[in-house]
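Everything on this sheet refers to the single structure shown next.
The values are calculated or read from the model by the stated rules, or taken from the named source; none is laboratory data. Everything quoted here is computed from the prediction, not taken from an experiment. Glycine also receives a Cβ, built like all others from the backbone with ideal geometry; neighbour counts cover every protein chain displayed.
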Amino acid sequence: MNTFNKFLLTIFIKLGFFDSPDFLSQIVSDHPSRDNLPKNQVLVVGGPGFKKWAYLKCPCGCGDFVMLSLSKKTRPSWSVSLDFFNRPTIYPSIRQTSRCMSHFWIKKGNVKWCEDTGKPPKIAINI
């Protein structure tokens with residue numbers, strides 16, 4: 001994010017127009033390692049006109065490395081949109097199916113927790 005956008009975001013937060021975002025985004029050309037993934041950042045691997053992967057650390061604090069495919073050709077897949085201030089919105093929700101069992105949305109950079117966070121997902125059985 002450029003300096004002017006950071007300045008505007010800071011002003012809007014101080015004036016109460018926005019909450020301070022839990023996450024900001026950055027588009028990068030290479031996949032990050034677990035060690036150099038910044039906290040409170042969604043790194044989007046891609047380039048002009050395409051996005052391949054999104055990486056973030058689980059916001060619950062467990063430190064899990066979350067990888068989301070942005071390819072429409074694979075399932076499951078997610079979409080990431082960035083606003084003027086590089087606040088990410090990720091669709092659909094993100095559901096950790098092991099360890100912390102977090103379930104959340106990221107909208108305009110803010111985490112919205114689902115009620116079933118911390119509980120194993122219900123598995124549908126087709127008979």
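Out of F23, F12, F50, F7, report the one residue that is aromatic (F, W, Y) and in contact with a Phe, Trp or Tyr (Cβ under 9 Å, 6 or more places away or on another chain). Show your work before the answer.
Values: F23 fails: in contact with a Phe, Trp or Tyr (Cβ under 9 Å, 6 or more places away or on another chain); F50 fails: in contact with a Phe, Trp or Tyr (Cβ under 9 Å, 6 or more places away or on another chain); F7 fails: in contact with a Phe, Trp or Tyr (Cβ under 9 Å, 6 or more places away or on another chain).
Of F23, F12, F50, F7, the one residue that is aromatic (F, W, Y) and in contact with a Phe, Trp or Tyr (Cβ under 9 Å, 6 or more places away or on another chain) is F12.
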*Does region 26-38 include one or more residues that are surrounded by fewer than 15 Cβ atoms within 10 Å (Cβ to Cβ), within 21 Å of S77 (Cβ to Cβ), acidic (D, E) and modelled with pLDDT of 90 or more?*
yes
*Spot the failing condition for K112; the list is (1) surrounded by 15 or more Cβ atoms within 10 Å (Cβ to Cβ); (2) more than 28 Å from T3 (Cβ to Cβ); (3) at pLDDT 95 or above, and only one is missed.*
(1)
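One residue is enough: does region 70-79 have a residue meeting the conditions surrounded by 14 or more Cβ atoms within 10 Å (Cβ to Cβ) and assigned to a strand (DSSP E or B)? It would help to see each step written out before you state the result.
First, the residues of region 70-79 that are surrounded by 14 or more Cβ atoms within 10 Å (Cβ to Cβ): 70, 78.
Narrowing the set further to residues that are assigned to a strand (DSSP E or B) leaves none.
The answer is no; no qualifying residue exists.
When the residues of region 13-25 are narrowed to those that are surrounded by 14 or more Cβ atoms within 10 Å (Cβ to Cβ) and more than 22 Å from P48 (Cα to Cα), which ends up nearest to the chain's Cα centre (by Cα)?
Quick first cut of region 13-25, residues surrounded by 14 or more Cβ atoms within 10 Å (Cβ to Cβ) only: 13, 18, 21-25.
Checking the rest, the ones that are also more than 22 Å from P48 (Cα to Cα) come to 13, 18, 21-22.
Values: I13: 20, F18: 18, P21: 11, D22: 9 Å.
Looking at residues that are surrounded by 14 or more Cβ atoms within 10 Å (Cβ to Cβ) and more than 22 Å from P48 (Cα to Cα), I get D22.
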